[in-house]
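A short reminder: the numbers here are calculations on the coordinates, not readings from a lab. Everything quoted here is computed from the prediction, not taken from an experiment. As a convention, Cβ positions derive from the backbone with ideal geometry for all residues, glycine included, and neighbour counts pool all protein chains shown.
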Amino acid sequence: MSETSNNDDVVAVPLRHPWRWVSAALIVVVLGMFIYSLYASPNINHDIINKYLFNGKVIAAAWLTVVLTVVSMLIGTILAIILAVMKLSTNPVLKMVATGYIGFFRGTPLLLQVVFWGYLGIIYPTIDVGIPFTDIIWWSEKTSLVFTSLVAGIIALSLNEAAYAAEIVRAGILSVDQGQAEAAKSLGMGSGYTLRRIVLPQAMRVIIPPLGNEFISMLKNTSLLQVVAVMELYARTSQISSQNLAQVELLVVAGFWYLVMTTILSFPQSWLEKKYGRGFSVVNEKARWMRIGMKGNV
Amino acid sequence: MSKQLMVDARSVRKNFGSNEVLKGITLQVEKGQVLCLLGPSGSGKSTFLRCINHLETINGGRLYVDGELMGFREKGETIHEMKPNAISMQRSEIGMVFQKFNLFPHLTALENVIEAPIGVKKISKSAATEKAMELLKSVGLSDKAGHYPSQLSGGQQQRVAIARALAMEPKLMLFDEPTSALDPELVGDVLDVMRKLAKSGMTMIVVTHEIGFAREVADRVVFMDGGVVVEDGTPTQVIDKPQNARTKAFINSVL
């Protein structure tokens with residue numbers, strides 16, 4: 001600082017961080033070597049990868065994966081809202097049913113549940129609609145025709161998802177200040193209306209980030225449906241590789257498409273976060289980050 | 001006689017577990033009256049206010065608003081719990097303003113005001129909006145209609161909250177320490193709005209620590225302590241010439 005200047009800016013020589021440079025360089029070298037080894041390996045056939053990457057069957061399977069994910073997630077989330085409200089209700093029967101449901105579906109492996117729904121036809125060979133305890137039956141069908149592997153798969157994924165998402169939704173609802181429901185009540189709003197118009201829109205802000213996580217988990221969990229012969233992405237690529245014995249090449253193909261899909265599906269999340277962040281000002285968000293930053297530096 | 005009473009509380013008792021918060025409150029509020037409830041914290045004044053619109057269920061006594069038993073149906077000697085819809089209907093006629101405003105943060109000021117008229121009273125959006133703009137103007141905030149609560153000061157938020165309650169055209173307004181959460185320089189605007197409302201003939205019950213406001217605006221001041229009404233009279237009687245030792249001590253401590 002010169003004495004003739006009124007400017008009191010701090011002009012300091014920045015602290016050097018040599019180890020950051022060394023460690024970064026090391027990581028680049030190791031990563032580069034690994035990628036090159038894969039590329040140059042005589043055991044990986046790049047022509048097969050190129051051949052199947054945009055193969056019609058593979059793309060159709062990837063598309064089915066997206067459909068399975070979106071449908072299961074949609075059903076799962078709707079069930080989750082119902083379960084969360086049940087668990088928060090003062091009705092002891094509803095509370096117990098919801099708690100039991102969540103305990104059961106979180107307590108058993110998803111793979112087991114998928115296989116169970118696939119085998120439903122063994123336990124109940126036919127599905128009958130009629131009056132219980134009488135011989136009156138209006139409609140009857142073989143279970144395997146109603147619960148096709150696709151339907152069984154969607155049921156397994158959505159019922160399982162509902163159990164996890166229910167806790168996320170419940171946390172979201174609990175995060176909304178009690179005063180909000182009181183203000184709504186005092187204006188004559190009923191509990192259903194209050195939930196729909198006042199509490200849930202605010203809870204969304206808390207619900208969406210973990211639900212985005214669930215979405216990505218779901219996308220990858222669809223690969224479990226291979227065991228009930230749903231031709232989603234993983235099932236299709238492993239079917240192809242069992243014929244041409246290019247296992248690693250087709251794993252690369254599947255992995256590529258999973259990455260593409262998870263990347264694309266994360267875009268709606270930021271849009272939704274913005275939408276439900278309405279009224280919760282960005283300024284506060286920035287201020288919070290700055291506070292955290294300050295703490296880090298001081 | 002009960003025709004002119006807006007609120008008729010008879011030996012109202014309320015307990016939370018084993019803690020008895022209201023130990024038999026008997027209080028009548030006439031239509032058009034402005035009543036200020038004073039008392040130290042924990043005296044039960046806020047709880048009593050919340051009993052009036054059945055945000056809290058009373059454990060004993062009877063509480064009538066405009067001749068109707070709140071939250072219950074009387075059939076001869078027995079009383080039955082009301083269905084939630086019927087309770088909502090009763091509440092929709094009683095406005096309430098909270099200490100922490102409780103505006104809906106995901107809605108703009110205007111949307112806050114029109115939500116209940118549209119959703120509960122089934123008024124058309126255009127009619128509700130027109131009425132809401134009038135109300136926002138009357139609380140001096142017509143230029144803030146499109147702002148979210150987070151963009152408003154505490155005093156502005158509380159004025160929106162008052163407009164929101166008034167949009168339901170209530171017959172009774174309850175204020176639960178409406179200025180306690182405000183910075184001192186913002187209190188005046190809120191009190192001005194309440195003063196105007198009192199002049200318009202609204203029946204108001206105000207839980208407050210603003211002795212000046214009580215003295216100037218209230219028709220009647222009630223001092224509560226330990227879950228009972230200790231003193232009840234005109235502002236001059238209760239604030240300036242309190243008879244009870246507890247009232248004297250409280251008034252001296254806040255003045």
- [ ] Report P(r) for chain B: all Cα-Cα distances, bin width 10 Å, range 0 to the bin holding the largest distance, values in whole percent.
- [x] 7, 30, 35, 22, 6, 0
Task: Cα-based Rg and Dmax for chain A, where Dmax is the largest Cα-Cα distance (Å) - done: 26.9, 105
Task: Top of A:Ala171, A:Ala152, A:Ala40 by mean-square fluctuation, Gaussian network on chain A, Cα under 10 Å - done: A:Ala40
Task: Other protein chain Cβ atoms within 10 Å, averaged over every residue that makes up B:99-111 - done: 5
TODO: Sticking with the crude label model, points 7 Å out along Cα→Cβ, report the distance from A:Lys51 to B:Leu69 in nm, one decimal please.
DONE: 8.5
- [ ] Provide the packing ranking of B:171-178, A:118-125, B:134-141, i.e. peptides ordered by the mean count of other C-beta atoms within 10 Å per residue, highest first.
- [x] B:171-178, B:134-141, A:118-125
TODO: Specify the inter-centroid distance of the range B:205-227 and the range A:142-180, based on alpha-carbon positions, in whole Å.
DONE: 52
Task: Calculated [θ] (222 nm, deg cm²/dmol) that DSSP helices of n ≥ 4 give over chain A, each run adding -39,500 (n - 2.57) - done: -23500 deg cm²/dmol
- [ ] Please state the charge dipole magnitude for the protein assembly as shown, taken about the Cα centre, from unit charges on C-beta atoms (+1 on K and R, -1 on D and E), reported in debye and rounded to the nearest 20.
- [x] 260
Open item on the list: Less than 20 Å from a label point 7 Å out along the Cα-to-Cβ axis of A:Val93: which backbone N atoms in the range B:70-95 qualify, by residue?
Closed with: B:81-85
TODO: Grab every C-alpha pair in the range B:116-190, bin the distances at 5 angstrom width from 0 up to the longest one, and report whole percents.
DONE: 3, 15, 25, 24, 20, 9, 3, 1
Open item on the list: Give the average over all directions of the projected area of the C-alpha convex hull of the range A:103-258, one decimal, in nm².
Closed with: 14.2
Task: Gain upon complete extension [A:Ile122, A:Val28; 0.36 nm per residue less C-alpha separation] - done: 28.4 nm
Task: Where a label projected 7 Å from the Cα of A:Val70 along Cα→Cβ would reach, residues of the range A:206-229 with amide N under 16 Å - done: A:215-216, A:218-220
- [ ] Over chain B, calculate the relative contact order: mean separation of alpha carbon pairs under 8 Å at least 6 apart, over the residue count, as a percent.
- [x] 26
Open item on the list: Between the range A:29-100 and the range B:1-77, what is the separation of their alpha carbon centroids in Å?
Closed with: 57
Open item on the list: Please compute, for peptide A:150-162, the average count of beta-carbon atoms on other protein chains lying within 10 Å of each residue's beta-carbon.
Closed with: 0
- [ ] Using only atoms on other chains, find how many Cβ atoms lie within 10 Å of each Cβ of peptide A:187-198 and report the average.
- [x] 6
Task: Value of D in µm² per second that Stokes-Einstein yields for the protein assembly as shown, Kirkwood Rh from Cα pairs, at 25 °C (0.890 mPa s) - done: 84
Open item on the list: Can you tell me which of A:Ser191, A:Ser158, A:Ser238 moves the most in a GNM of chain A? Springs connect C-alpha atoms under 10 Å apart.
Closed with: A:Ser191
TODO: Could you order peptides A:98-106, A:200-208, A:15-23 by the average number of other Cβ atoms within 10 Å of their residues, highest first?
DONE: A:200-208, A:98-106, A:15-23
Open item on the list: Using each residue's phi in the range B:228-237, evaluate 6.51 cos²θ - 1.76 cosθ + 1.60 at θ = phi - 60° and report the 3J(HN,Hα) Karplus result to the nearest Hz, with x for Gly and Pro.
Closed with: 10, 7, 8, 8, 8, x, 6, x, 4, 4
Open item on the list: Given the -39500 (n - 2.57) contribution per DSSP H run of 4+ residues, what per-residue ellipticity at 222 nm results for chain B, rounded to the nearest 500 deg cm²/dmol?
Closed with: -10500 deg cm²/dmol
Task: Local net charge near A:Ala184, Cβ-Cβ under 15 Å (Lys/Arg +1, Asp/Glu -1) - done: +4
- [ ] Enumerate the whole-percent occupancy of each 10 Å bin, from 0 to the last occupied one, for all C-alpha pair distances of the range A:100-190.
- [x] 14, 27, 24, 18, 15, 2
